[in-house]
1. Where nothing but the Cβ of Lys and Arg (+1) and of Asp and Glu (-1) is charged, how large is the charge dipole of the chain around its Cα centre, in debye to the nearest 20?
2. ILE663 versus SER448, label points 7 Å from Cα toward the beta carbon: distance in nm?
3. Highest mean first, how do 525-538, 447-460, 257-270, 225-238 rank when packing is the count of other Cβ atoms within 10 Å averaged over residues?
4. Please state the relative contact order of region 497-539 as a whole percent: Cα pairs under 8 Å, 6+ residues apart?
5. Which whole-Hz couplings ³J(HN,Hα) result when phi for each residue of region 518-535 is put into the Karplus expression 6.51 cos²θ - 1.76 cosθ + 1.60, θ = phi - 60°, listed in order with x for Gly and Pro?
6. State the Cα centre-to-centre distance between region 547-585 and region 587-603 in whole Å.
7. When N is the residue count of region 2-67, what does its C-alpha Rg come to as a fraction of 2.2 N^0.38 Å?
8. Ranking request for peptides 390-403, 558-571: highest mean number of other beta-carbon atoms within 10 Å first, then the rest in descending order.
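All of the numbers you see were taken from the coordinates with simple rules; none came from a lab. Please read all numbers here as calculations on a predicted model, not as lab measurements. No Cβ is skipped: glycine too gets one built from the backbone with ideal geometry, and neighbour counts run over all protein chains shown.
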Amino acid sequence: MEKVEWKVDGMDCTNCALTITRFLQKEGQKEVKVNFIGGDLSFELNGGASKEKLIEGIEDLGYHVVDDSLPTTDHRNTGSNKGRFSAVFRRLSFSNHLQRFLFCMPFTLLLLLHMLPWHIHFLMNPWIQLAICLPVYFVGMGYFGISAVKSLRRGIPNMNVLIALGATAAFVYSLIGTIGNLGMDYIFYETTATIISLVFLGEWVEHRSVVITQRELNKLASQQKVMANMIAFDEEHKELIFPVENTQLQVGDLVLIKSGEQVPMDCKILWGDAHVNEALLTGESEPVHKQKKDALIGGSLLTDGTVKAQVTAIGKDTVLSNILNLVKQAQGEKPPIQQLADKISAVFVPAVIGIAALSFLLNYFAFNISVTGSLMRSIAVLVISCPCAMGLATPAAIAVGLGRAARNGILFRNAKSLELFKNITTVVFDKTGTLTKGQLTISNWQSSIDEKAFKQIIFSLEKFSNHPIAKAITTDWKVTDSIVWKTIEEIKGMGMKATDAAGNIYQLGSHKIAAAETNDTSHTAYLLQNDKLIGWFDMEDEIRTEAATVISYLHSKNIQTILLSGDSFDRTKKVAATLGIDKVYAEKTPEEKLKIIEELNNTSPVAMVGDGINDAPALAKATIGISMSDATQLAMQSAQVVLMNKGIQHLPLALGLGKHTFITIKENLFWAFIYNIVAIPVAAIGLLHPGIAALAMGFSDVVLAINSVRLNYKKVV
């Protein structure tokens, strides 16, 4: 199935997301994920439905689909005359809620003047009040009314149903009073206008506050389009440089990047050296020195120096694009805590309509409240209720948490990982490249054959491996006349095994392969020829400077630390002792690592930190897998969390953000539930004017957004 990713404008709350989700599911689409905060929609396209038909259906619900892969047709005009009229009525007149509010508010203030102690005579005329109210009512129904009708037609009533019902009830009641000349006690045009105007204001403020929650992601997105200095050559092979937008670059193009300029796309340096600030992508404030053959990440900034580079990735293949996609996907995921809120949101609107009707009946028949008083209380119930608050509680906190994480080079593959961090009691570390820098150097070696042959055999074996030891060997002992093997294989957890043209069998690996030949377990690797030991070598790896601080932090939080390595027990124990790690498992194969993680998981939730390649099975099995990754290897990772800064210094921040994001979600949900539990009864007994109720409803979401934004500045470590 084809995966479709669209941007959808016009979503305001979880009800909007649920409406689109249910529509697509009815059309047979799979894996539907809607993030109303970012406006992102993804699903797997079922062959039975065309994209055009799905876009038309979504637009008929009152939303607008942005899809760059389709012709630039306004799908809103492809439906019925009614659909075209509503599209023009809703969208062409006003582009946002602030414009609607500014249009409606003067009429509303004029209507409110008749409530002053001194009466303005002409405003006491119901027909004049009707004329003043009509523009506000038409604009309000052009938005809330059309949205409400479309949602009801699809069987998924949204919040706008409540607003439209409340405003219309006050308007129709006043209209009856006007036509029947029943007196000013029946005239509530100012209530209609106040509800519509203040809800427009509240929704605009809410939208602005929600946008703030996307701030960090927007900073990343803003780096995707910049100008680049493209290098070309004329007929005399002279170098020409001309500016182009980076979106026009292709893989293989040459670019000139000068001091102070942004790297336009992922590149490899061909000439020159520079210091590069990658803080936006990795969270590291100190510029990194880059030279010939080094990779440059698109979106990073050259702070000093000039380079010529070749484009290695463009568009969706770049590291920055991968980061944005990961964060967006994680925002679209729903952690378990959100499921209850979603279930309540799905039935909230019908329930509130029922409560409003019951409020009218009880007030009028049981408590002898007048028709006017009972109606005003019912309207207040309709407009004070806020399903958006329950829907916004989780996405707003997750958006801020993921944004702050991305700013610091921490990528969460799904929102569930954020929630799972609160339960972690054990952190398991791989050794090489995780607690150590992975920059291995050969410190000693010995062989029974001559030096050239020994190095040639080892290089010829190791060049077929991706292990950090192999990479160090192929760099330090590189030879031009490597052996052409008849057969060669890498045995995970053991090492390399090959057969030459003469039929000799060579093995290179840990002490396990040489146990029958020697009891000395202190060396890094052993070389066997036809099961006979012919040499060994030692390698040294420097412990990361931040490792001890990270381990100490974990212990301060009563989190157990474990070192799990395929290296020898002596070297593994030495690293553990230096860092103060609680427990050690050494000389373990990937299969054995997987089994150990499984056993630990059965006892308590476990996070594992590894290089993401050799430890892939164990990372996938852990409650949370945390990958130590070079950013250019991002797509290869199997972990739920990726640390992009080539170090574990931000592991405490990842843990802290996970726990505090969950705390923020709980605070938001508490406010959302308490607000509705308290506000609805207060409105039902007549303690809230509908206008005040409308304002309170709009600003209830703002409270959640502000509380979520606090996560950007809150101390979490």
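1. Roughly 1920 debye for the chain.
2. Using points 7 Å along Cα→Cβ, the separation is 6.3 nm.
3. Highest-to-lowest ranking by the protection proxy: 257-270, 525-538, 447-460, 225-238.
4. Dividing the mean separation by the residue count of region 497-539 yields 34 percent.
5. These are the phi-based 3J(HN,Hα) values: 8, 9, 6, 9, 7, 8, 6, 8, 10, 10, 10, 10, 6, 6, 10, 6, 10, x Hz.
6. Between the Cα centre of region 547-585 and that of region 587-603, the gap is 16 Å.
7. Normalised by 2.2 N^0.38 Å, the Cα Rg of region 2-67 equals 0.96.
8. 390-403, 558-571
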